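Taking it in order: structure first as C-alpha coordinates, then the write-up.
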Amino acid sequence: MTSSSEILDPANPGGDPRPVPSKRQRYILFGEMLAFAIVSLIASWVLSYDAIVLAANPDADLACSINEVFDCAKVGATWQANIFGFPNAFLGMIAEPVVMTIAVASLFGVRFPRWFMFTANAVYFLGVVFAYWLLYQSSFEIGALCPWCLTVTVATTFVFWSMTAWNIQERNHYFSAKTAEKLERFHRNGWLTISFMAWLALIVVIEILKFAPKFI
(Lines give C-alpha, C1' and ligand atoms only; values in the text may rest on other atoms or scores of the structure.)
Protein backbone atom coordinates (compact mmCIF):
# COMPACT_ATOMS: atom_id res chain seq x y z
CA MET A 1 0.00 0.00 0.00
CA THR A 2 1.38 3.44 -0.94
CA SER A 3 2.11 5.70 2.02
CA SER A 4 0.96 9.34 2.04
CA SER A 5 4.57 10.53 1.93
CA GLU A 6 4.97 8.85 -1.46
CA ILE A 7 2.01 10.78 -2.86
CA LEU A 8 2.43 14.22 -1.33
CA ASP A 9 5.54 16.20 -0.51
CA PRO A 10 5.50 18.56 2.51
CA ALA A 11 5.88 22.30 1.93
CA ASN A 12 9.61 22.18 2.63
CA PRO A 13 10.71 18.74 1.51
CA GLY A 14 14.20 17.65 2.36
CA GLY A 15 16.27 16.90 -0.70
CA ASP A 16 13.64 18.14 -3.19
CA PRO A 17 15.72 19.70 -6.01
CA ARG A 18 12.86 21.77 -7.37
CA PRO A 19 12.86 25.54 -6.82
CA VAL A 20 10.31 26.89 -4.34
CA PRO A 21 8.13 29.70 -5.77
CA SER A 22 7.23 32.55 -3.43
CA LYS A 23 4.22 32.36 -1.13
CA ARG A 24 2.73 35.28 -3.06
CA GLN A 25 2.87 33.28 -6.29
CA ARG A 26 1.40 30.27 -4.51
CA TYR A 27 -1.56 32.24 -3.19
CA ILE A 28 -2.20 34.10 -6.45
CA LEU A 29 -1.96 31.14 -8.82
CA PHE A 30 -3.73 28.53 -6.73
CA GLY A 31 -6.29 31.08 -5.53
CA GLU A 32 -7.08 31.87 -9.15
CA MET A 33 -7.12 28.19 -10.02
CA LEU A 34 -9.60 27.47 -7.23
CA ALA A 35 -11.87 30.40 -8.14
CA PHE A 36 -12.13 29.50 -11.82
CA ALA A 37 -12.48 25.78 -11.10
CA ILE A 38 -15.49 26.66 -8.94
CA VAL A 39 -16.93 28.79 -11.76
CA SER A 40 -16.41 25.95 -14.23
CA LEU A 41 -18.00 23.45 -11.84
CA ILE A 42 -21.09 25.62 -11.40
CA ALA A 43 -21.41 26.06 -15.17
CA SER A 44 -20.96 22.31 -15.66
CA TRP A 45 -23.68 21.63 -13.12
CA VAL A 46 -26.10 23.96 -14.94
CA LEU A 47 -25.23 22.36 -18.28
CA SER A 48 -25.75 18.90 -16.82
CA TYR A 49 -29.16 19.90 -15.50
CA ASP A 50 -30.12 21.42 -18.87
CA ALA A 51 -28.99 18.22 -20.62
CA ILE A 52 -31.35 16.19 -18.44
CA VAL A 53 -34.18 18.64 -19.15
CA LEU A 54 -33.56 18.40 -22.91
CA ALA A 55 -33.41 14.61 -22.73
CA ALA A 56 -36.87 14.60 -21.15
CA ASN A 57 -38.25 17.29 -23.46
CA PRO A 58 -36.30 18.20 -26.63
CA ASP A 59 -38.57 21.22 -27.10
CA ALA A 60 -37.86 22.63 -23.64
CA ASP A 61 -37.32 26.39 -23.42
CA LEU A 62 -34.04 26.90 -21.57
CA ALA A 63 -33.30 30.13 -19.73
CA CYS A 64 -30.05 30.60 -21.65
CA SER A 65 -31.76 30.32 -25.03
CA ILE A 66 -31.87 34.08 -25.54
CA ASN A 67 -31.84 34.55 -29.31
CA GLU A 68 -30.54 32.89 -32.48
CA VAL A 69 -26.93 33.55 -31.46
CA PHE A 70 -27.11 32.54 -27.80
CA ASP A 71 -29.19 29.37 -27.92
CA CYS A 72 -28.31 26.65 -25.39
CA ALA A 73 -31.13 24.38 -26.52
CA LYS A 74 -29.90 24.36 -30.12
CA VAL A 75 -26.35 23.54 -29.02
CA GLY A 76 -27.47 20.97 -26.45
CA ALA A 77 -29.53 19.05 -29.00
CA THR A 78 -26.53 18.26 -31.23
CA TRP A 79 -24.27 15.20 -31.25
CA GLN A 80 -21.34 17.42 -30.30
CA ALA A 81 -22.93 17.99 -26.90
CA ASN A 82 -22.75 14.26 -26.14
CA ILE A 83 -19.52 13.28 -27.84
CA PHE A 84 -18.83 10.31 -25.55
CA GLY A 85 -22.40 9.10 -25.32
CA PHE A 86 -23.26 11.27 -22.32
CA PRO A 87 -23.44 15.06 -21.77
CA ASN A 88 -20.00 16.68 -22.06
CA ALA A 89 -20.77 18.65 -18.92
CA PHE A 90 -20.40 15.47 -16.87
CA LEU A 91 -16.67 15.62 -17.62
CA GLY A 92 -16.51 19.01 -15.93
CA MET A 93 -18.36 17.62 -12.92
CA ILE A 94 -15.61 15.01 -12.64
CA ALA A 95 -12.54 17.10 -13.46
CA GLU A 96 -13.12 20.35 -11.59
CA PRO A 97 -13.36 18.83 -8.08
CA VAL A 98 -9.93 17.29 -8.72
CA VAL A 99 -8.54 20.70 -9.69
CA MET A 100 -10.16 22.26 -6.63
CA THR A 101 -8.55 19.63 -4.40
CA ILE A 102 -5.11 20.35 -5.89
CA ALA A 103 -5.63 24.09 -5.46
CA VAL A 104 -6.81 23.89 -1.84
CA ALA A 105 -4.04 21.48 -0.83
CA SER A 106 -1.44 23.69 -2.52
CA LEU A 107 -2.78 26.81 -0.81
CA PHE A 108 -2.08 25.04 2.48
CA GLY A 109 1.51 24.37 1.43
CA VAL A 110 1.35 20.87 -0.03
CA ARG A 111 3.91 20.23 -2.79
CA PHE A 112 2.78 17.48 -5.10
CA PRO A 113 5.42 15.35 -6.85
CA ARG A 114 6.69 16.48 -10.25
CA TRP A 115 5.10 13.54 -12.08
CA PHE A 116 1.70 14.32 -10.54
CA MET A 117 1.66 18.01 -11.48
CA PHE A 118 3.07 17.30 -14.94
CA THR A 119 0.36 14.71 -15.56
CA ALA A 120 -2.35 17.03 -14.23
CA ASN A 121 -1.15 19.79 -16.55
CA ALA A 122 -1.05 17.43 -19.56
CA VAL A 123 -4.53 16.02 -18.88
CA TYR A 124 -5.98 19.48 -18.33
CA PHE A 125 -4.40 20.61 -21.60
CA LEU A 126 -6.42 17.91 -23.36
CA GLY A 127 -9.50 19.29 -21.62
CA VAL A 128 -8.73 22.79 -22.88
CA VAL A 129 -8.23 21.50 -26.43
CA PHE A 130 -11.57 19.70 -26.19
CA ALA A 131 -13.26 22.89 -24.93
CA TYR A 132 -11.97 24.89 -27.89
CA TRP A 133 -12.91 22.16 -30.32
CA LEU A 134 -16.44 22.40 -28.96
CA LEU A 135 -16.31 26.19 -29.32
CA TYR A 136 -15.28 25.79 -32.96
CA GLN A 137 -18.10 23.31 -33.55
CA SER A 138 -20.58 25.62 -31.85
CA SER A 139 -19.47 28.68 -33.81
CA PHE A 140 -18.90 27.29 -37.29
CA GLU A 141 -20.90 24.05 -37.52
CA ILE A 142 -23.89 24.55 -35.23
CA GLY A 143 -24.11 28.31 -35.69
CA ALA A 144 -25.06 29.21 -32.13
CA LEU A 145 -23.33 29.84 -28.82
CA CYS A 146 -24.12 28.49 -25.37
CA PRO A 147 -23.39 31.06 -22.60
CA TRP A 148 -22.65 28.38 -20.02
CA CYS A 149 -20.37 26.56 -22.46
CA LEU A 150 -18.49 29.82 -23.03
CA THR A 151 -18.16 30.18 -19.27
CA VAL A 152 -16.59 26.73 -19.02
CA THR A 153 -14.22 27.48 -21.91
CA VAL A 154 -12.97 30.74 -20.38
CA ALA A 155 -12.72 29.27 -16.87
CA THR A 156 -10.74 26.23 -18.04
CA THR A 157 -8.38 28.55 -19.91
CA PHE A 158 -7.66 30.48 -16.71
CA VAL A 159 -7.15 27.26 -14.75
CA PHE A 160 -4.75 25.94 -17.38
CA TRP A 161 -2.79 29.19 -17.37
CA SER A 162 -2.47 29.15 -13.57
CA MET A 163 -1.38 25.52 -13.48
CA THR A 164 1.12 26.03 -16.29
CA ALA A 165 2.58 29.16 -14.67
CA TRP A 166 3.09 27.28 -11.40
CA ASN A 167 4.63 24.25 -13.05
CA ILE A 168 7.08 26.42 -14.95
CA GLN A 169 8.21 28.08 -11.72
CA GLU A 170 8.44 24.83 -9.75
CA ARG A 171 9.92 22.98 -12.73
CA ASN A 172 7.26 20.30 -12.74
CA HIS A 173 8.32 19.10 -16.17
CA TYR A 174 11.00 16.99 -17.80
CA PHE A 175 12.70 19.53 -20.04
CA SER A 176 16.42 20.22 -19.95
CA ALA A 177 17.85 22.81 -17.55
CA LYS A 178 18.43 25.17 -20.48
CA THR A 179 14.83 24.89 -21.65
CA ALA A 180 13.59 25.27 -18.07
CA GLU A 181 15.52 28.54 -17.74
CA LYS A 182 14.02 29.83 -20.99
CA LEU A 183 10.51 28.95 -19.80
CA GLU A 184 11.11 30.67 -16.48
CA ARG A 185 12.40 33.79 -18.24
CA PHE A 186 9.41 33.69 -20.60
CA HIS A 187 7.11 33.66 -17.57
CA ARG A 188 9.13 36.13 -15.49
CA ASN A 189 9.17 38.71 -18.30
CA GLY A 190 5.41 38.51 -18.58
CA TRP A 191 5.24 36.83 -21.97
CA LEU A 192 3.19 33.91 -20.69
CA THR A 193 0.52 36.32 -19.44
CA ILE A 194 0.71 38.38 -22.64
CA SER A 195 0.28 35.23 -24.74
CA PHE A 196 -2.68 34.19 -22.60
CA MET A 197 -4.43 37.55 -22.90
CA ALA A 198 -3.69 37.74 -26.64
CA TRP A 199 -5.25 34.31 -27.13
CA LEU A 200 -8.45 35.32 -25.33
CA ALA A 201 -8.58 38.59 -27.28
CA LEU A 202 -8.20 36.66 -30.54
CA ILE A 203 -11.08 34.37 -29.60
CA VAL A 204 -13.30 37.36 -28.79
CA VAL A 205 -12.48 39.00 -32.13
CA ILE A 206 -13.21 35.79 -34.05
CA GLU A 207 -16.59 35.37 -32.33
CA ILE A 208 -17.52 39.00 -32.95
CA LEU A 209 -16.62 38.75 -36.63
CA LYS A 210 -18.60 35.50 -36.90
CA PHE A 211 -21.81 36.59 -35.20
CA ALA A 212 -21.90 40.40 -35.49
CA PRO A 213 -23.69 40.26 -38.88
CA LYS A 214 -26.68 38.61 -37.19
CA PHE A 215 -27.16 41.70 -35.02
CA ILE A 216 -26.89 44.17 -37.91
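The values are calculated or read from the model by the stated rules, or taken from the named source; none is laboratory data. The shown structure was predicted, so the numbers you read here are calculated from the model rather than taken from an experiment. Counting neighbours? That spans all protein chains shown, and the Cβs are built from the backbone with ideal geometry, glycine included.
Of the residues examined, SER106 is not one that is closer than 24 Å to VAL46 by Cβ, crowded, with 16+ Cβ neighbours inside 10 Å, at pLDDT 95 or above and not hydrophobic (A, V, I, L, M, F, W, C).
Quick check, is ILE168 farther than 19 Å from VAL20 by Cβ and assigned to a helix (DSSP H, G or I)?
no
For segment 52-75, filtered to residues that are among the small types (Gly, Ala, Ser) and either modelled with pLDDT of 95 or more or over 25 Å from the mean Cα position of the chain (by Cα) (or both), the residue that is surrounded by the fewest Cβ atoms within 10 Å (Cβ to Cβ) is ALA56. When segment 11-39 is filtered for residues that are assigned to a helix (DSSP H, G or I) and of a type in the set (Asp, Glu), only GLU32 remains. Taking the criterion of being within 12 Å of GLN80 (Cβ to Cβ) and of a type in the set (Phe, Trp, Tyr), the residues of segment 104-150 that qualify are PHE130, TRP133, TYR136, PHE140.
The set of residues in segment 164-192 being on the phi > 0 side of the Ramachandran plot and free of Cβ contacts under 8 Å to residues at least 12 places away in the same chain consists of GLY190 alone.
Here segment 113-153 is the region considered, the condition is being among the aliphatic types (A, V, I, L, M) and in contact (Cβ under 8 Å) with a residue 60 or more places away in the chain, and the residue that is nearest to ALA37 (Cα to Cα) is VAL152. Screening ILE42 with (1) part of a helix (DSSP H, G or I); (2) under 30 Å from PRO17 (Cβ atoms) gives one miss only, at (2). Applying a threshold of 9 Å to beta carbon distances and a minimum spacing of six or more residues, or different chains, the list of pairs starting in segment 52-73 at a residue that is farther than 19 Å from LEU135 by Cβ and of a type outside the set (Phe, Trp, Tyr) and ending at one that is modelled with pLDDT under 90 and part of a helix (DSSP H, G or I) is empty. Checking each residue in segment 118-130 for being surrounded by 15 or more Cβ atoms within 10 Å (Cβ to Cβ) and farther than 13 Å from PHE160 by Cβ picks out only PHE118.
Of the residues in segment 144-161, none is outside any helix (DSSP H, G or I) and of a type in the set (S, T, N, Q).
Among the residues making up segment 24-43, a single one is closer than 20 Å to PRO113 by Cβ and surrounded by fewer than 18 Cβ atoms within 10 Å (Cβ to Cβ): GLN25. Condition first: surrounded by 12 or more Cβ atoms within 10 Å (Cβ to Cβ), under 25 Å from SER65 (Cα atoms) and touching a strand residue (DSSP E or B) at 6+ places or on another chain (Cβ under 6 Å). Can you find one or more residues in segment 157-172 that meet it? Scanning segment 157-172, I find no residue that is surrounded by 12 or more Cβ atoms within 10 Å (Cβ to Cβ), under 25 Å from SER65 (Cα atoms) and touching a strand residue (DSSP E or B) at 6+ places or on another chain (Cβ under 6 Å), so the answer is no.
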